[in-house]
Amino acid sequence: MTDSKAISRETLESMLTAINMGVLLVDKDCKVLFSNHFMSINSGRSAEELVGRTLFEAFPELPEVWTRQKINSVLTLQNFAFTSWQQRPHLFNFESTRPISGLVRHMYQNCTFFPVQDADGSSLGVGLAISDTTDTAARQLELTHLNKLLEEEKGAQALLIARLEDAQAQLLQSEKMAAIGQLAAGVAHEINNPIGFVCSNVNSLRRYLVDIFALLEAYEQASDESHADAHPELAAMRDKVDYDFMRQDIDELLVESVDGLDRVTRIVKDLREFSHVDSYEWQLADLHKGLDSTLNVIWNEIKFKAQVIKCYGDIEPIECMGSQINQVFLNLLINASHAVGADGQITIRSGREDGGVFVEIADNGHGIPLEIQNRIFEPFFTTKPVGMGSGLGLSLSYSIIVKHHGRLTVESEPGRGSCFRAWLPLRQPQVQALATSAAEGR
Amino acid sequence: MNAPTSCVKRYTVMLVDDEESILNSLRRLLRGKPYDLLLATNGAQALSLFEQHSIDLIVCDARMPLMDGPTLLREVYRRNPECVNILLTGYADMSMITQAISDGYVYRYISKPWNDDELQRTLDQALEMQNALRNRDSLA
């Protein structure tokens, strides 16, 4: 080591003094033996003021217990100890001036404790090397902050994507509904023509038959027994065609046909309403009255199947298209009556909620299987036998409630029953806006 | 004292629809009425019948090929505003109907499928009103 011999003790000391990091040497009692420029500049005290004092007199901000532990462990183990700015950001209470902004802030420091030996190899004390890590720390902290912001943004975007997916699904659904609606309106128009003349013809036929039968009766009365004896073939023919039965059955046949036509007409009307071809007036309506009148209309369907329990709450009239809301009640009640078996029970509840009113129609029927619960509001979806349901009742009801800015939901447990719940606002938002703008205009 | 039969005024009523089954069923419905019925399956035929006869009332389908109901009735109204026009429509194109009614050339509209009683009542009322107007005008 000829080179090191060439470097004098003074040179080494001045290097230690000038180096751009803090250097301290303390003995086992923590008395300061050496302190460099960096320490003086940052603490504002000269080396003379620092040397000879204990570390804790010189730097009162140092945590004494912790520091002593560090120093003792270095002395005992004769090994390094380290503390980083993340663990103890400001070990020494120094300030740091930012190079560009000139902003003054606490200095972040890393500190290494290392054993220092005497010339003869015995332990002299512990050296402390303190480095300014404010730049690194600032960058790191900023990165952490940015990372956090990015994470937040990522979360917000994930939320947004979920909402977009939701909106997309809704859009698809409503497009599907609109397409079906258009189709339905076209079909309804085409069906209305033939229904029109078939209905009218059946009525004409009934009138004709009344006349024909009256005529036949008149003939019968006019022909006396001698006439019947003279024409036995007439009686035979009468028996052959089973005139009496036919006479009776024609009435029934016509009633059934008219009933069938009514049903077709109703389905077409449902289709048209479903496609929003027809509109009605908005007015204040008492839902309980609507429920009662609807119950009256379908009492024949329900009375033998289920007991109806009314638990009406205290609700005020709401702004709605009464006939359409009744249609919803009708569909829900009919469905409930179809769902129940023996000892059927249909419970109608109403009340206020969320600044609106709700009506619940619950049954103790067979319930809706889980796998089809999300399909029941789809148009043409039906589980009823062919001819029993058009598959439009619930989808129509759903679109009516949505048009009223309300919600139609279902809770169902297979085997236990279903509960359909319609929530409706007291007033319609658009109509309200119109009313206020009209009031402002005045 | 007039004989009761002479009191029954006969009206000339024209039915227009491109579907003959509709015309037939309307004809059956109005059979017992004191109407002389004329049937037309398109607008051109209807207009030519309108030229040849003095028609009191027209029941006309809205949707027909070549000339639709409102166009035909507008033309009829232009020629003789006294004739009462009733539009029969299978689909509720409200804007078209309200336009036709506010322009004055359609007296009423009846939607398909029609209710027999309602249709008869509408015709009765329309002709009664026309009669009353004519009586008033003859007094003036």
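The values are calculated or read from the model by the stated rules, or taken from the named source; none is laboratory data. Note that the structure is predicted; figures quoted are calculated from it, not measured. Don't worry about glycine lacking a Cβ; one is built from the backbone with ideal geometry, like all the others, and counts go over all protein chains shown.
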Original post:
If you take the residues of region B:101-139 that are more than 14 Å from every other protein chain (Cβ to nearest Cβ) and not in a helix (DSSP H, G or I), which of them is surrounded by the most Cβ atoms within 10 Å (Cβ to Cβ)?
Top reply: B:V106
Original post:
Among A:L171, A:L160, A:L149, A:L141, which is the only one that is surrounded by 12 or more Cβ atoms within 10 Å (Cβ to Cβ), free of Cβ contacts under 8 Å to residues at least 12 places away in the same chain and part of a helix (DSSP H, G or I)?
Top reply: A:L141
Subject >> Residues that are among the aromatic types (F, W, Y) and farther than 21 Å from A:L12 by Cβ, drawn from region A:29-85 >> reply: A:F56, A:F59, A:W66, A:F82, A:W85
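Would you mind stating whether A:E57 is surrounded by fewer than 15 Cβ atoms within 10 Å (Cβ to Cβ), touching a strand residue (DSSP E or B) at 6+ places or on another chain (Cβ under 9 Å) and free of Cβ contacts under 8 Å to residues at least 12 places away in the same chain?
Taking the combined requirement at face value, the residue satisfies it.
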Original post:
Restricting attention to region B:82-100, does a residue exist that is within 17 Å of the chain's Cα centre (by Cα), away from every other protein chain (no Cβ under 14 Å) and free of Cβ contacts under 8 Å to residues at least 12 places away in the same chain?
Top reply: no
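Within region A:212-222, can one find any residue that is without any contact (Cβ under 8 Å) to a residue 60 or more places away in the chain, within 9 Å of chain B (Cβ to nearest Cβ) and surrounded by 11 or more Cβ atoms within 10 Å (Cβ to Cβ)? Before you say what the answer is, go through the steps one by one.
Taking region A:212-222 first, the residues without any contact (Cβ under 8 Å) to a residue 60 or more places away in the chain are A:212-222.
If we keep only those that are within 9 Å of chain B (Cβ to nearest Cβ) as well, we get none.
There is no residue in region A:212-222 that is without any contact (Cβ under 8 Å) to a residue 60 or more places away in the chain, within 9 Å of chain B (Cβ to nearest Cβ) and surrounded by 11 or more Cβ atoms within 10 Å (Cβ to Cβ).
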Original post:
Just checking, which of B:S25, B:S54, B:S48 is more than 28 Å from A:V268 (Cα to Cα) and free of Cβ contacts under 8 Å to residues at least 12 places away in the same chain?
Top reply: B:S48
**OP:** Have a look at A:L291, A:L333, A:L295 and point out the one that is closer than 17 Å to A:E360 by Cα, at pLDDT 80 or above and either touching a helix residue (DSSP H, G or I) at 6+ places or on another chain (Cβ under 6 Å) or polar (S, T, N, Q) (or both).
**Re:** A:L291
**OP:** Considering only region A:114-132, state which residues are in contact (Cβ under 8 Å) with a residue 40 or more places away in the chain and aliphatic (A, V, I, L, M).
**Re:** A:V116, A:L124, A:V126, A:L128, A:A129, A:I130
Original post:
Among the numbered criteria (1) closer than 18 Å to A:F114 by Cβ; (2) part of a helix (DSSP H, G or I), which single criterion is violated by A:V23?
Top reply: (2)
Original post:
Which residues, counting only those in region B:31-59, are under 18 Å from B:Y109 (Cβ atoms) and within 14 Å of chain A (Cβ to nearest Cβ)?
Top reply: B:V59
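Give the residue, chosen from A:L103, A:L164, A:L146, that is at pLDDT below 90 and not assigned by TED's automatic domain parsing to the domain that holds A:S43.
Values: A:L103 fails: not assigned by TED's automatic domain parsing to the domain that holds A:S43; A:L146 fails: at pLDDT below 90.
When all the criteria are applied, what remains is A:L164.
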Original post:
Which residues, counting only those in region B:36-59, are part of a helix (DSSP H, G or I), out of contact with any helix residue (DSSP H, G or I) (no Cβ under 7 Å at 6 or more places or on another chain) and not aliphatic (A, V, I, L, M)?
Top reply: B:Q45, B:S48, B:E51, B:Q52
**OP:** Could you tell me whether B:G69 is within 14 Å of chain A (Cβ to nearest Cβ) and small (G, A, S)?
**Re:** yes
Original post:
Do we find that A:A162 is under 30 Å from the mean Cα position of the chain (by Cα) and small (G, A, S) in this structure?
Top reply: yes
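On the basis of being under 16 Å from A:P425 (Cα atoms) and buried (at least 20 other Cβ atoms within 10 Å of the Cβ), does A:I401 make the cut? Write out each step before concluding.
Details: under 16 Å from A:P425 (Cα atoms): yes; buried (at least 20 other Cβ atoms within 10 Å of the Cβ): yes.
Answer is yes for this residue.
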Original post:
Do you know which residues across region A:189-211 are in contact with a Lys or Arg (Cβ under 7 Å, 6 or more places away or on another chain) and either more than 7 Å from chain B (Cβ to nearest Cβ) or loosely packed, with under 13 Cβ neighbours inside 10 Å (or both)?
Top reply: none
Original post:
Just for region A:326-339: of the residues that are touching a strand residue (DSSP E or B) at 6+ places or on another chain (Cβ under 7 Å) and touching a residue at least 40 places away in the same chain (Cβ under 8 Å), which one is farthest from A:R266 (Cα to Cα)?
Top reply: A:A339
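What residue, of A:L424, A:L396, is assigned by TED's automatic domain parsing to the domain that holds A:P369, modelled with pLDDT of 85 or more and either farther than 17 Å from A:I361 by Cα or surrounded by 20 or more Cβ atoms within 10 Å (Cβ to Cβ) (or both)? Break it down into steps so the answer makes sense when it comes.
Details: A:L396 fails: modelled with pLDDT of 85 or more.
None of the others qualify; the one that does is A:L424.
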Original post:
Just wondering, is there one or more residues in region B:13-34 that are at pLDDT below 95 and under 17 Å from B:E82 (Cβ atoms)?
Top reply: no
**OP:** From the list A:I309, A:I318, pick out the single residue that is out of contact with any helix residue (DSSP H, G or I) (no Cβ under 9 Å at 6 or more places or on another chain) and β-branched (V, I, T).
**Re:** A:I309
Subject >> Pairs where the first residue, in region A:298-323, is closer than 20 Å to A:N335 by Cα and assigned by TED's automatic domain parsing to the domain that holds A:I401 and the second is hydroxyl-bearing (S, T, Y) and outside any strand (DSSP E or B), C-beta under 6 Å, 6+ apart >> reply: A:E301/A:S337; A:I302/A:S337; A:K305/A:S337; A:A306/A:S337; A:S323/A:Y280
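Taking region A:119-132, which residues are within 23 Å of A:H37 (Cα to Cα) and charged (D, E, K, R)?
So the first thing to find is which residues in region A:119-132 are within 23 Å of A:H37 (Cα to Cα), and the list is A:124-132.
Hit for region A:119-132 is A:D132, nothing else.
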